[in-house]
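Structure first, then comments.
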Amino acid sequence: MGIRGLLLDVAATFDTTLRTVRGNPGQDVLKAADTRLVAALPYGMKAKGHGGQGGAAATPWIQVYEPSQGGSGTDGLYLAYIFAADLQSVVLTLQQGVTSLSDRLRTHGSKLRTHLEVRGQSLRAELPADLVAGWTDQPRFQHHGWRARAYEASSVAARCYPIDRLPSEGDLCADLGNMATILKAALVVEPQIDVVSEPDGPVVEYTTHGHATYEGLEGFRPKTSEDYFVRIAAGEQRKKRVHEELVRRFGPYICQRGFTPITAQVHPRDLVLQTVEDEWLVEAKAVKKGNATQAVREAVGQLLEYSYFWYVQKGLRKPHLLGLFSEDIGVYASYLEDHGIGAIWRTSDGWAGSASALEWGMVGAS
């Protein structure tokens, strides 16, 4: 299971000579992508395998996307694991939808690829340099079909993996988490960029200028907590990232108490705290409308799951477990303590916590 197992199974079973019918092993593997990746996907994202229609695809791929943000695979921005035609390598790439653009330009040729390259370069230039550093691989899919060549041209950011040297599951999860952050930033700047076809070639036009910003301590990079807007047919729907705000505020506070907060390279975990001798696995939850039940249930499940798969199965020392909540969880604090889980929650004037949090020095006595 997981990303690594799925990629290896596709490489081992996909056959470009077989049709896309039930009983075709490689196609069956791709169809199960969403189920197999459910525990590894960033929160709110979905996966869908693509092996072709009728005949097998020359370059099978697995789409990773946020349903609320579009990215159907024919238009918009989305993430994808795209295999080379020889199945010896796979690329995690931020893609632009090529089908809708090819329809609009009425071409599958060099004009389409040039347009995609110009737009991709412009998108990448608008992203913070440190965010896309290390994501500069150029995909090569070993096929001369128009779609494979368009995928190469449309890549905004990418990392290539040889199948015989795939990273560990933890590293693949971390890479996907980082790429999900790049996707979110790209979705913010995409409306600022328009590429217009001119007789001498495509020309970039900018409606506004601005760069996504990231703040935090060394190794502590929470997602932005500022309000953001999602354009929908009926207008603009305002959303607030309570979860990200909770993590962002907690980081500097806990650092002052002698703990090192880390969010970089730890996905799908929310946060890790470290001292010289110990490590804490932290799950952050927003309490909705004063009802802590759902938040506590989700925190317990995720803490136990991540502790097992990220530490126990890897032969690592088990971490301390900590639930981080946006408000007082009442009687659930003692419930968590009974399960070996500490708790910290926001108050009107700072932070409070359970007996374990007090013992660890994360909060002061009230």
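The values are calculated or read from the model by the stated rules, or taken from the named source; none is laboratory data. Keep in mind it's a predicted model, so treat the numbers as computed, not measured. A quick note on method: Cβ atoms are made from the backbone with ideal geometry, for glycine too, and the neighbour counts reach across all protein chains shown. Note: areas computed on protein heavy atoms with side chains; ligands, DNA, RNA excluded. Shrake-Rupley method; radii C 1.70, N 1.55, O 1.52, S 1.80 Å.
Taking every eigenvalue of the Cα gyration tensor of the stretch 311-366, multiplying by 5 and rooting it, what semi-axes result, largest first, whole Å?
Numbers: eigenvalues 106, 28, 20 Å².
That gives 23, 12, 10 Å for the three semi-axes.
For the set Thr136, Thr99, Thr16, solvent exposure ranked by accessible area (probe 1.4 Å, protein chains only) runs largest to smallest as Thr136, Thr16, Thr99. I need the P(r) histogram for the stretch 244-340: all alpha carbon pairs, bin width 10 Å from 0 out to the longest distance, whole percents. P(r) over the stretch 244-340, rounded to whole percents: 15, 48, 33, 4.
Count Lys and Arg as plus one, Asp and Glu as minus one, and take only other residues whose Cβ is under 13 Å from that of Arg297; the net charge is then -1.
The value of relative contact order for the stretch 273-326, using C-alpha pairs under 8 Å at least six residues apart, is 50 percent. Rounded to two decimals, the Cα-based Rg/Rh of the stretch 1-124, with Kirkwood Rh, is 0.98. Using C-alpha pairs under 8 Å with a sequence gap of at least 6, the mean separation divided by the residue count of the stretch 89-197 gives a relative contact order of 42 percent. Solvent exposure of His50, expressed as accessible area, is near 40 Å², computed with a probe of 1.4 Å over the protein chains only. What's the center-to-center distance, using Cα atoms, between the stretch 295-354 and the stretch 113-178 in Å? The stretch 295-354 and the stretch 113-178 have Cα centres spaced 36 Å from each other. The residues neighbouring Gln138, those whose beta-carbon lies less than 14 Å from its own, together hold a net charge of +2 under the Lys/Arg +1, Asp/Glu -1 convention.
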